[in-house]
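What follows is a short report on a single structure.
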Amino acid sequence: MITVNKSDIIEDFHGTKVADPYRWLEDSSSEATLAWVEDREKECMAYFAEIESKSNDKQRLTELWNFPKHFVPKKVKDKLFYQKNDGLQNQAVLYMKQDGVEKVILDPNSLSDDGTVAMTDFSVGREGRYVAYSTAANGSDWQEVKVRDVTTCEDLVDVIQWVKFTAVVWSPDGKGFYYSRFPKPGTIADEEEGTHHKVFYHQLGTDQSEDILLHEQPEEKELMFTPILSEDKQYLCLHVNFGTASENRFYYKDIEKDESFTKLLDQQDAEYSFITNEGTVFYFKTDLHAPKMRVIAIDLLSPERENWKEIISEQAAVMEYIKFVDGKFVMVLSQDAHHTIHIYDKEGRFEQEIELPFIGSLTDLTVNSGSTEMYFGITSFTNPTTVYHYDFSMNELTLVSESSIPFERMDYETTQVFYPSKDDTKIPMFLVHKKGLELDGQNPVILYGYGGFNVSLTPSFNPAILRWLEKGGVYAVANLRGGMEYGEEWHKAGMLENKQNVFDDFIAAGEWLIENKYTSTEKLSIMGGSNGGLLVAACMVQRPDLFGAVICRVPVIDMLRYHKFTIGKYWIPEYGNAENPEHFPFMYAYSPLHNVREGVKYPPILIATADSDNRVVPAHAKKFTAILNEKADPSTTVILRLEKKAGHGLGKPTSKQIDEWVDFYAFLEKELKE
């Protein structure tokens with residue numbers, strides 16, 4: 001066993017004494033931590049130094065990444081705004097097209113030499129003259145908002161700081177915009193980071209210090225506000241959230257009146273997602289009494305619940321999101337983890353389904369107020385985003401852009417199976433592999449999962465996975481409880497005290513793949529990131545005999561202290577809080593950091609994190625590495641890969657993505673036994 005520095009910290013959780021010997025690693029700037037990290041970096045470099053497959057993988061991954069990547073456009077007046085990556089650009093470029101002429105509005109690759117400054121979002125003003133765009137450096141969640149004149153392609157003087165997770169919403173006159181932000185760092189206590197969110201109005205040409213405060217709730221400092229402008233531009237609305245809870249509140253105010261917001265929906269008893277309005281009638285997608293969602297109408301003049309009207313009832317499939325265009329509801333439904341588009345009239349009558357070219361996922365869907373058209377993108381495991389235009393007046397679907405990739409996609413297939421979990425719940429799983437795959441138990445497998453925060457794992461395209469398929473691998477994606485594949489009940493079945501269901505679902509997926517001869521323990525690898533990093537770490541600790549290798553990315557590991565770092569407190573509705581005596585037992589029971597057993601040989605694990613991750617701080621990965629090195633059988637391979645100038649994944653440059661996957665495949669090449 002490795003001799004390491006340990007502290008004698010022991011905490012009492014409701015009568016249970018819990019040691020935290022590596023808490024010192026939470027201080028990323030201490031000399032002890034820096035020295036420890038330097039040693040882990042040397043180990044990582046030595047581990048990867050002599051793996052011969054790296055060169056070929058780097059070359060092929062670069063080829064597979066080198067194709068045009070198209071994003072769904074947004075139309076404003078007669079101008080189309082969209083992003084595009086020519087192939088190997090570190091960041092996608094923002095373009096505008098007018099009268100058939102394409103023009104570069106912003107090239108984020110010019111903002112840094114190494115591509116580590118990313119444009120994370122953009123919002124076009126009402127007349128299409130100005131674009132407010134957000135940038136983030138080194139993968140940080142902190143963003144800065146600037147405004148660019150599309151005529152001159154020069155920035156105005158406006159700079160908005162201290163922003164995370166906001167929307168920029170232009171005022172009807174185009175002279176400014178609404179946004180939300182946190183207090184300036186240093187003006188509140190460190191432990192209150194991520195609280196005291198406020199909504200402001202910014203007028204173009206003024207300093208941020210002059211922005212007008214529109215809303216705050218200091219008595220409920222952990223609420224977050226997302227501004228929305230109503231369809232008729234008469235109302236400024238707020239989606240109000242407590243952390244990552246599905247349930248939200250909804251406020252509104254007349255944009256022309258100097259008045260406070262009216263709290264239309266303030267009980268936080270369900271999800272209420274604003275769709276559109278017609279005068280005082282507001283339409284919402286909600287899971288109130290409908291776990292798979294329904295559409296309701298609330299008249300502001302008679303907002304009492306007994307006056308609410310159901311417009312579209314709950315369906316067999318989950319209503320994932322809804323837009324309103326040309327007097328119709330455009331509904332994106334998720335059926336067994338893939339998407340369809342249904343059209344309903346304003347009264348809620350079904351009109352038609354838009355036939356999609358292949359089974360997959362919608363990447364985005366945009367509409368323009370007052371128009372009769374929409375744009376959307378669709379993708380799958382082997383198809384990059386293909387963009388379409390739909391004209392309601394002509395009932396016509398037109399291809400806008402697609403990509404040719406250096407990969408023989410017709411040689412591969414995607415199937416979906418349903419397997420029983422520990423409690424016999426049927427869990428869907430996608431399997432992607434070469435056609436004619438021999439089920440001899442000898443195929444290398446990457447089993448991927450997430451299982452939380454009502455996130456659905458619908459088919460998505462990743463060029464890196466093509467390399468795995470070419471190498472004869474199987475890519476399996478399990479749609480675990482905790483996601484939204486079957487509505488809010490599916491989500492709740494995998495959160496809080498039900499979190500163990502998620503691990504059981506994932507373990508059962510591995511067992512099914514082995515039982516059905518897709519692979520064997522020695523060739524079964526598991527991968528997940530963030531909440532998915534927690535997933536694979538917990539499953540590895542619970543079933544070390546089942547897996548041949550583990551890739552654990554930016555993981556949540558310390559379930560007793562996660563809420564004390566940066567925005568971790570937002571996840572309490574999902575995970576719970578160990579300071580609560582009702583939550584502690586189930587959290588402690590699966591917390592990976594606290595369930596590593598002495599002398600157990602665990603499967604080889606690559607723990608990947610990043611020094612600028614201020615969402616899931618790298619202390620989780622460091623402490624997990626340390627406890628494994630201390631307690632696991634000495635023959636257990638534990639590699640910590642700490643990325644520099646990177647964060648949780650937001651805006652990661654293409655070059656860093658390729659290098660990361662080169663290491664992932666080198667790790668699997670070395671550890672999955674013949």
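Structure notes:
- Angle in degrees between helix 53-65 and the longest Cα principal axis of the chain, rounded to the nearest 10: 10 degrees
- Difference of contour (0.36 nm per residue) and Cα-Cα distance, Lys564 to Glu413: 49.9 nm
- The modelled label-to-label distance for the pair Thr425/Leu439, using points 7 Å beyond Cα in the direction of Cβ, is 2.5 nm.
- Helix-only CD estimate at 222 nm, as mean residue ellipticity for the chain, using -39500 (n - 2.57) per DSSP H run (n ≥ 4): -5000 deg cm²/dmol
- With all protein chains modelled, accessible area of Arg294 [1.4 Å, Å²]: 40 Å²
- Potential extension, Ile10-Lys175 segment - 0.36 nm per residue separation minus Cα distance: 53.7 nm
- Total charge dipole magnitude, region 101-143, about the Cα centre, Cβ charges on Lys, Arg, Asp, Glu only, Debye to nearest 20: 260 debye
- Note on region 20-129: the alpha carbon radius of gyration divided by the globular reference 2.2 N^0.38 Å gives 1.65.
- Cross-linked pairs Lys221/Lys564; Lys601/Lys644; Lys499/Lys631; Lys569/Lys652; Lys564/Lys645: Cα-Cα separations exceed 27 Å for Lys601/Lys644.
- Kirkwood Rh, angstrom, the chain [1 / mean 1/r, Cα pairs]: 26.4 Å
- Point-to-point label distance, Gln335-Asn368, nm (Cα→Cβ direction, 7 Å offset): 3.2 nm
- Lys/Arg +1, Asp/Glu -1 at C-beta; the chain dipole; positive extreme among Gly436, Pro581, Thr654: Gly436
- Packing-based ranking, highest mean first, of 582-589, 470-477 given that Cβ atoms within 10 Å are counted: 470-477, 582-589
- Relative contact order %, region 341-432, counting alpha carbon pairs below 8 Å whose residues are six or more apart: 14 percent
- Positive-end ranking of Ala35, Ala49, Gln89 along the dipole of region 1-146, with charges on Cβ about the Cα centre, is headed by Gln89.
- Karplus-based coupling profile of region 637-652, in residue order and whole Hz: 7, 10, 10, 9, 10, 9, 7, 8, 6, 8, x, 6, x, 4, x, 5, with θ = phi - 60° in 6.51 cos²θ - 1.76 cosθ + 1.60 and x standing for Gly or Pro.
- Percent RCO, i.e. relative contact order, over region 232-389, from Cα pairs under 8 Å lying at least 6 residues apart: 11 percent
- The overall shape of region 154-212, judged from the alpha-carbon gyration tensor, is prolate: a/c is not under 1.5, and a/b is greater than b/c.
- One quarter of the surface of the convex hull around the alpha-carbon atoms of region 448-546 equals 6.4 nm², the direction-averaged projected area.
- Once C-alpha pairs closer than 8 Å and six or more residues apart are averaged by separation and normalised to the residue number of the chain, the relative contact order reads 12 percent.
- Cross-link reach list, lysines versus Lys471, counting only Cα pairs under 23 Å and skipping chain neighbours closer than eight places: Lys54, Lys58, Lys434, Lys435, Lys517, Lys523, Lys656, Lys670, Lys673
- Zero-based 5 Å bins, Cα pair distances in region 217-281, whole percents: 4, 17, 28, 26, 16, 8, 2
- Counted over the chain, the DSSP beta bridges are approximately 85% antiparallel.
- Rounded to the nearest 20 debye, the dipole size of the chain about its Cα centre is 880 debye, using +1 on the Cβ of Lys and Arg and -1 on the Cβ of Asp and Glu.
- With the highest mean first, a sort of the peptides 389-401, 139-151 on other beta-carbon atoms found within 10 angstrom per residue produces 139-151, 389-401.
- Of the GluC sites (Glu not before Pro) in region 38-143, the ones in a loop by DSSP (not H, G, I, E or B) with at most 16 other beta carbons within 10 Å are Glu50, Glu52, Glu127.
- Couplings for region 454-462, taken from phi via the Karplus curve 6.51 cos²θ - 1.76 cosθ + 1.60 with θ = phi - 60°, read 6, 8, 8, 9, 7, x, 9, 9, 9 Hz in order; Gly and Pro are left as x.
- Separation of region 234-299 and region 496-517, taken as the distance between their Cα centroids, equals 37 angstrom.
- Within the accessible area of region 411-481 (1.4 Å probe), percent carbon and sulfur: 45 percent
- Dipole magnitude (debye, nearest 20) for region 628-668, charges at Cβ of Lys, Arg, Asp, Glu: 220 debye
- Aspartates and glutamates with Cα under 16 Å of Lys263, excluding same-chain neighbours fewer than 8 positions away: Glu216, Glu219, Glu220, Glu247, Asp254, Glu271, Asp299, Glu304
- You can think of it this way: the chain between Asp391 and Lys673 has 96.2 nm of extra reach, that is 0.36 nm per residue less the Cα-Cα gap.
- Selected from Val318, Ile514, Phe242, residue furthest toward positive end of dipole (the chain; charges at beta carbon): Ile514
- Probe 1.4 Å - accessible area at Asp663, Å² to nearest ten: 20 Å²
- Residue by residue, region 530-546 carries 3J(HN,Hα) couplings of 6, 4, x, x, 4, 4, 6, 5, 5, 5, 4, 5, 6, 10, x, 7, 8 Hz when phi is fed to the Karplus relation 6.51 cos²θ - 1.76 cosθ + 1.60 (θ = phi - 60°); x denotes Gly or Pro.
- For Ala32, neighbours were defined as the other residues whose beta-carbon sits under 12 Å from its Cβ, and their charges (Lys and Arg +1, Asp and Glu -1) total -2.
- Near Thr135, once Lys and Arg are set to +1 and Asp and Glu to -1 for all other residues with Cβ below 9 Å from its Cβ, the sum equals 0.
- Ordering 380-387, 303-310, 326-333 by mean Cβ neighbour count within 10 Å, with the highest value first, yields 380-387, 326-333, 303-310.
- Per residue, the chain exposes an accessible area of 40 Å² to a 1.4 Å probe, with every protein chain left in place.
The values are calculated or read from the model by the stated rules, or taken from the named source; none is laboratory data. In this text the structure is predicted, and so the values were computed from the model without any measurement. Because the Cβ atoms are built from the backbone with ideal geometry, glycine has one as well, and the counts that use them run over all protein chains shown. Protein only, heavy atoms only, side chains kept; ligands, DNA and RNA dropped before computing areas. Shrake-Rupley method; radii C 1.70, N 1.55, O 1.52, S 1.80 Å.
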